[in-house]
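Structure first, commentary second.
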Amino acid sequence: MADPKSPSAFISYSHDSDDHAGRVLALANVLCDDGIDVILDRYVHPAPEEGWPRWMEQNLDEAKFVLMVCTETYRRRVMGREEPGEGLGVRWEGSLIYNRIYHDKPSGSRFIPILLLPGSAPGHIPNPVQGHTCYRITTFDLTDPGYEALYRHLTDQPATPKPDLGSIKKLPPKPRPEPSPDPR
């Protein structure tokens, strides 16, 4: 059971290959180990009673964050440019994400593009989240700058916290300059 203070993160990804799906699962497992309540289809067995489309919609709405693991295939499916009948789950999630971005309050910190390196590139990020902060991750631990930055984002731990606000300093007034004589 997740700690009620743990942030939740829904992971949206495409099943590009067994290797890619394994890397997504490894990322999800490490995030769970690090206190993030991850929502991932691979953790659900058997299939949800309400069906995958409703499961996706409910969990997208309930998650504090949506991690979008971007690949060429993911972008093509989210953008609705996949062959008919292929990648239906990501196409559905993409539609839901588009609608959330359109109707939600500003969502730049909620929908987070993730690039798993090597293999992913900035050009794989779907259009509606291209302006959002993106995290490039090579290894799934805090020694990786991309993973550390993502973890700081999810847990609201900025790398450079703002210092406490000090008090206003009372400065002595400066003497006024004497008016210059009228040259007339």
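The values are calculated or read from the model by the stated rules, or taken from the named source; none is laboratory data. Worth saying up front: this structure is predicted, and the values here are computed from it rather than measured. Cβ coordinates were reconstructed from backbone atoms using ideal geometry, including for glycine residues, and neighbour counts include every protein chain displayed. Only protein heavy atoms, including side chains, enter the accessible area calculation; ligands, DNA and RNA are left aside. Shrake-Rupley method; radii C 1.70, N 1.55, O 1.52, S 1.80 Å.
Annotation: of all residues in the range 1-20 being hydrophobic (A, V, I, L, M, F, W, C) and surrounded by fewer than 16 Cβ atoms within 10 Å (Cβ to Cβ), the one that is modelled with the highest pLDDT is Ala2. Scan the range 109-126 and tell me whether some residue there is open to solvent by 80 Å² or more (accessible area, probe 1.4 Å), out of contact with any Cys (no Cβ under 8 Å at 6 or more places or on another chain), assigned to a loop (DSSP other than H, G, I, E, B) and within 24 Å of Ser14 (Cα to Cα). Yes, some residue in the range 109-126 is open to solvent by 80 Å² or more (accessible area, probe 1.4 Å), out of contact with any Cys (no Cβ under 8 Å at 6 or more places or on another chain), assigned to a loop (DSSP other than H, G, I, E, B) and within 24 Å of Ser14 (Cα to Cα). Is the range 154-169 home to any residue that is touching a residue at least 24 places away in the same chain (Cβ under 8 Å) and surrounded by 10 or more Cβ atoms within 10 Å (Cβ to Cβ)? Checking the range 154-169: at least one residue is touching a residue at least 24 places away in the same chain (Cβ under 8 Å) and surrounded by 10 or more Cβ atoms within 10 Å (Cβ to Cβ). Taking first residues from the range 93-114 that are modelled with pLDDT of 85 or more and partners that are acidic (Asp, Glu), the Cβ contacts under 6 Å between residues at least 6 apart in sequence or on separate chains come to Leu96/Glu57. The set of residues in the range 74-89 that are within 10 Å of Pro126 (Cβ to Cβ) and outside any loop (DSSP other than H, G, I, E, B) comprises Tyr74, Arg75, Arg76, Arg77, Val78. Taking the conditions exactly as written (more than 22 Å from His15 (Cβ to Cβ), in contact (Cβ under 8 Å) with a residue 24 or more places away in the chain, surrounded by fewer than 17 Cβ atoms within 10 Å (Cβ to Cβ) and β-branched (Val, Ile, Thr)), does Thr143 satisfy them or not? Taking the combined requirement at face value, the residue does not satisfy it.
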